[in-house]
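The values are calculated or read from the model by the stated rules, or taken from the named source; none is laboratory data. Fair warning: this is a prediction, and the values are worked out from it, not measured in the lab. All Cβ positions, glycine included, derive from the backbone under ideal geometry; neighbour counts span all protein chains shown.
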(Lines give C-alpha, C1' and ligand atoms only; values in the text may rest on other atoms or scores of the structure.)
Protein backbone atom coordinates (compact mmCIF):
# COMPACT_ATOMS: atom_id res chain seq x y z
CA UNK A 1 0.00 0.00 0.00
CA UNK A 2 0.91 3.66 -0.29
CA UNK A 3 1.00 5.08 3.23
CA UNK A 4 1.21 8.82 3.89
CA UNK A 5 2.50 10.15 7.20
CA UNK A 6 1.53 13.54 8.55
CA UNK A 7 4.26 13.83 11.16
CA UNK A 8 7.57 11.92 11.08
CA UNK A 9 8.82 12.44 14.61
CA UNK A 10 9.64 9.50 16.86
CA UNK A 11 6.27 7.75 16.45
CA UNK A 12 5.73 8.60 12.80
CA UNK A 13 9.22 7.62 11.71
CA UNK A 14 9.19 4.35 13.70
CA UNK A 15 5.95 3.30 12.02
CA UNK A 16 6.93 4.51 8.55
CA UNK A 17 10.32 2.85 8.69
CA UNK A 18 8.91 -0.54 9.72
CA UNK A 19 6.11 -0.35 7.17
CA UNK A 20 8.65 0.38 4.44
CA UNK A 21 10.69 -2.63 5.53
CA UNK A 22 7.55 -4.78 5.23
CA UNK A 23 6.99 -3.68 1.63
CA UNK A 24 4.84 -0.57 1.78
CA UNK A 25 5.52 2.68 -0.07
CA UNK A 26 5.99 5.61 2.30
CA UNK A 27 5.06 9.22 1.58
CA UNK A 28 5.91 12.04 3.97
CA UNK A 29 3.14 14.65 3.97
CA UNK A 30 4.59 18.09 4.64
CA UNK A 31 3.96 21.47 3.06
CA UNK A 32 7.70 22.23 3.25
CA UNK A 33 9.34 19.19 1.67
CA UNK A 34 12.79 20.67 2.42
CA UNK A 35 12.13 21.05 6.15
CA UNK A 36 14.59 19.62 8.65
CA UNK A 37 12.16 16.90 9.77
CA UNK A 38 11.57 15.71 6.21
CA UNK A 39 15.24 15.74 5.24
CA UNK A 40 16.19 13.98 8.47
CA UNK A 41 13.64 11.22 7.83
CA UNK A 42 14.83 10.80 4.23
CA UNK A 43 18.43 10.69 5.42
CA UNK A 44 17.52 7.81 7.72
CA UNK A 45 15.44 6.06 5.03
CA UNK A 46 16.16 7.33 1.49
CA UNK A 47 13.18 5.44 0.05
CA UNK A 48 10.73 7.89 1.62
CA UNK A 49 9.06 10.26 -0.84
CA UNK A 50 7.81 13.70 0.23
CA UNK A 51 4.89 15.74 -1.11
CA UNK A 52 2.76 18.63 0.14
CA UNK A 53 0.10 17.40 2.55
CA UNK A 54 -2.95 17.45 0.28
CA UNK A 55 -0.97 15.96 -2.59
CA UNK A 56 0.29 13.20 -0.30
CA UNK A 57 -3.26 12.43 0.86
CA UNK A 58 -4.44 12.21 -2.75
CA UNK A 59 -1.66 9.74 -3.59
CA UNK A 60 -2.04 7.53 -0.50
CA UNK A 61 -4.23 4.54 0.29
CA UNK A 62 -4.06 5.15 4.04
CA UNK A 63 -2.95 8.24 5.97
CA UNK A 64 -1.32 8.25 9.41
CA UNK A 65 -1.57 11.23 11.75
CA UNK A 66 1.41 11.41 14.13
CA UNK A 67 1.53 15.06 15.14
CA UNK A 68 1.32 16.94 18.46
CA UNK A 69 -2.40 16.85 19.28
CA UNK A 70 -2.67 20.60 19.83
CA UNK A 71 -1.81 21.25 16.19
CA UNK A 72 -4.46 18.92 14.79
CA UNK A 73 -7.48 21.20 14.46
CA UNK A 74 -5.71 23.90 12.45
CA UNK A 75 -3.86 21.30 10.40
CA UNK A 76 -6.78 19.03 9.55
CA UNK A 77 -9.75 21.30 8.88
CA UNK A 78 -8.61 22.57 5.44
CA UNK A 79 -7.78 19.08 4.15
CA UNK A 80 -9.89 16.80 1.94
CA UNK A 81 -9.40 13.15 2.87
CA UNK A 82 -11.74 11.82 0.20
CA UNK A 83 -13.26 9.18 2.53
CA UNK A 84 -9.86 7.54 3.01
CA UNK A 85 -8.68 5.92 6.23
CA UNK A 86 -6.96 8.26 8.67
CA UNK A 87 -5.12 6.39 11.43
CA UNK A 88 -5.00 8.62 14.50
CA UNK A 89 -1.75 8.02 16.39
CA UNK A 90 -2.06 11.18 18.50
CA UNK A 91 -2.98 11.76 22.14
CA UNK A 92 -4.31 14.83 23.96
CA UNK A 93 -2.02 15.18 26.97
CA UNK A 94 -2.58 17.88 29.56
CA UNK A 95 -0.71 19.19 32.58
CA UNK A 96 0.70 16.55 34.86
CA UNK A 97 0.17 13.91 32.16
CA UNK A 98 -3.60 14.23 32.46
CA UNK A 99 -6.11 13.79 29.65
CA UNK A 100 -5.90 16.95 27.58
CA UNK A 101 -9.67 17.07 26.96
CA UNK A 102 -10.52 16.41 30.61
CA UNK A 103 -11.79 12.92 29.68
CA UNK A 104 -15.00 14.46 28.31
CA UNK A 105 -14.37 13.20 24.79
CA UNK A 106 -11.56 11.33 23.08
CA UNK A 107 -8.99 13.05 20.95
CA UNK A 108 -9.89 10.67 18.12
CA UNK A 109 -13.50 11.87 18.16
CA UNK A 110 -12.24 15.43 17.83
CA UNK A 111 -10.01 14.34 14.92
CA UNK A 112 -13.10 12.83 13.28
CA UNK A 113 -14.99 16.08 13.89
CA UNK A 114 -12.20 18.07 12.21
CA UNK A 115 -12.05 15.67 9.24
CA UNK A 116 -15.66 14.99 8.32
CA UNK A 117 -14.75 12.99 5.18
CA UNK A 118 -12.08 10.76 6.73
CA UNK A 119 -12.64 7.32 8.22
CA UNK A 120 -10.77 7.69 11.50
CA UNK A 121 -9.28 4.65 13.24
CA UNK A 122 -7.43 5.00 16.53
CA UNK A 123 -4.26 2.91 16.65
CA UNK A 124 -0.59 2.94 17.69
CA UNK A 125 -1.15 5.08 20.78
CA UNK A 126 -1.00 2.80 23.82
CA UNK A 127 2.81 2.46 23.79
CA UNK A 128 5.78 4.73 23.31
CA UNK A 129 7.73 4.83 20.08
CA UNK A 130 10.23 2.27 21.39
CA UNK A 131 7.74 -0.55 20.84
CA UNK A 132 6.89 0.70 17.36
CA UNK A 133 10.58 0.67 16.47
CA UNK A 134 10.89 -2.90 17.72
CA UNK A 135 7.66 -4.85 18.39
CA UNK A 136 9.44 -8.23 18.68
CA UNK A 137 9.42 -10.08 22.03
CA UNK A 138 11.24 -13.35 21.34
CA UNK A 139 10.90 -14.69 24.89
CA UNK A 140 7.13 -15.12 24.50
CA UNK A 141 4.91 -17.21 22.27
CA UNK A 142 2.32 -14.45 21.87
CA UNK A 143 2.47 -11.25 19.86
CA UNK A 144 2.01 -7.85 21.48
CA UNK A 145 -1.52 -6.58 21.07
CA UNK A 146 -2.48 -3.32 19.38
CA UNK A 147 -5.88 -2.08 20.51
CA UNK A 148 -7.85 -0.12 17.91
CA UNK A 149 -11.21 1.61 17.70
CA UNK A 150 -13.26 3.21 14.95
CA UNK A 151 -16.71 3.49 13.44
CA UNK A 152 -16.06 1.81 10.09
CA UNK A 153 -15.61 -1.96 10.09
CA UNK A 154 -13.81 -2.15 6.75
CA UNK A 155 -11.33 0.54 7.74
CA UNK A 156 -10.51 -1.32 10.94
CA UNK A 157 -9.96 -4.50 8.91
CA UNK A 158 -7.39 -2.65 6.80
CA UNK A 159 -5.61 -1.38 9.91
CA UNK A 160 -5.66 -4.93 11.28
CA UNK A 161 -3.80 -6.09 8.17
CA UNK A 162 -1.26 -3.29 8.50
CA UNK A 163 -0.72 -4.05 12.18
CA UNK A 164 -0.02 -7.69 11.32
CA UNK A 165 2.72 -6.50 8.96
CA UNK A 166 4.40 -4.88 11.96
CA UNK A 167 4.08 -7.97 14.14
CA UNK A 168 1.09 -6.96 16.26
CA UNK A 169 -2.09 -8.83 17.03
CA UNK A 170 -5.03 -6.45 16.70
CA UNK A 171 -7.92 -6.25 19.14
CA UNK A 172 -10.88 -4.15 18.01
CA UNK A 173 -12.37 -2.60 21.15
CA UNK A 174 -15.38 -0.94 19.49
CA UNK A 175 -16.46 2.36 18.03
CA UNK A 176 -14.48 5.58 18.09
CA UNK A 177 -15.79 6.64 21.51
CA UNK A 178 -13.74 3.78 22.98
CA UNK A 179 -10.65 5.76 22.01
CA UNK A 180 -11.02 7.66 25.28
CA UNK A 181 -10.08 4.50 27.17
CA UNK A 182 -7.17 3.81 24.82
CA UNK A 183 -5.90 7.32 25.50
CA UNK A 184 -6.05 6.58 29.23
CA UNK A 185 -3.99 3.45 28.59
CA UNK A 186 -1.45 5.70 26.90
CA UNK A 187 -1.32 7.94 29.94
CA UNK A 188 -0.77 4.88 32.13
CA UNK A 189 2.15 3.74 29.96
CA UNK A 190 3.64 7.23 29.80
CA UNK A 191 3.42 7.78 33.56
CA UNK A 192 5.00 4.40 34.23
CA UNK A 193 7.89 5.01 31.83
CA UNK A 194 8.49 8.74 31.48
CA UNK A 195 7.71 9.66 35.10
CA UNK A 196 8.22 6.61 37.30
CA UNK A 197 11.24 5.17 35.56
CA UNK A 198 9.90 1.84 34.31
CA UNK A 199 11.84 0.65 31.26
CA UNK A 200 9.99 1.29 27.97
CA UNK A 201 10.42 -2.11 26.36
CA UNK A 202 7.13 -3.65 27.38
CA UNK A 203 3.69 -3.98 25.84
CA UNK A 204 0.30 -5.46 26.65
CA UNK A 205 -0.83 -8.87 25.34
CA UNK A 206 -4.27 -10.35 24.70
CA UNK A 207 -4.74 -13.79 26.24
CA UNK A 208 -8.00 -15.59 25.53
CA UNK A 209 -9.28 -18.83 27.03
* Within region 6-25, identify whether any single residue is farther than 19 Å from residue 130 by Cβ, assigned to a helix (DSSP H, G or I) and within 15 Å of the chain's Cα centre (by Cα), and answer yes or no. => no
* Residue satisfying condition, being out of contact with any helix residue (DSSP H, G or I) (no Cβ under 8 Å at 6 or more places or on another chain), at negative phi and in contact (Cβ under 8 Å) with a residue 24 or more places away in the chain, within set 21, 77, 84, 10 -> 10
* Quick check: is even one residue across region 33-52 modelled with pLDDT of 95 or more and under 17 Å from residue 121 (Cα atoms)? -> no
* Asked: Looking at region 98-114, which of its residues are surrounded by fewer than 19 Cβ atoms within 10 Å (Cβ to Cβ) and assigned to a loop (DSSP other than H, G, I, E, B)?
  -> 100, 101, 102, 103, 104, 105
* If you check 93, 120, which single one turns out to be farther than 24 Å from residue 162 by Cα and modelled with pLDDT of 95 or more? -> 93
* For region 36-97, which helices (runs of 4 or more DSSP H) that fit wholly inside it have 2 or more residues that are buried (at least 22 other Cβ atoms within 10 Å of the Cβ)? -> none
* Does residue 117 fit the bill of being out of contact with any helix residue (DSSP H, G or I) (no Cβ under 6 Å at 6 or more places or on another chain) and surrounded by 21 or more Cβ atoms within 10 Å (Cβ to Cβ)? -> no
* To do: Take residue 177 and decide whether it is in contact with a helix residue (DSSP H, G or I) (Cβ under 7 Å, 6 or more places away or on another chain), within 23 Å of residue 72 (Cβ to Cβ) and at pLDDT 95 or above.
  => yes
* **Selected residue (criterion: surrounded by the fewest Cβ atoms within 10 Å (Cβ to Cβ)) from residues of region 192-208 that are farther than 11 Å from residue 127 by Cα and in contact (Cβ under 8 Å) with a residue 12 or more places away in the chain** => 207
* **Pick from region 120-132, criterion under 10 Å from the mean Cα position of the chain (by Cα) and without any contact (Cβ under 8 Å) to a residue 60 or more places away in the chain, ranking: surrounded by the fewest Cβ atoms within 10 Å (Cβ to Cβ)** => 123
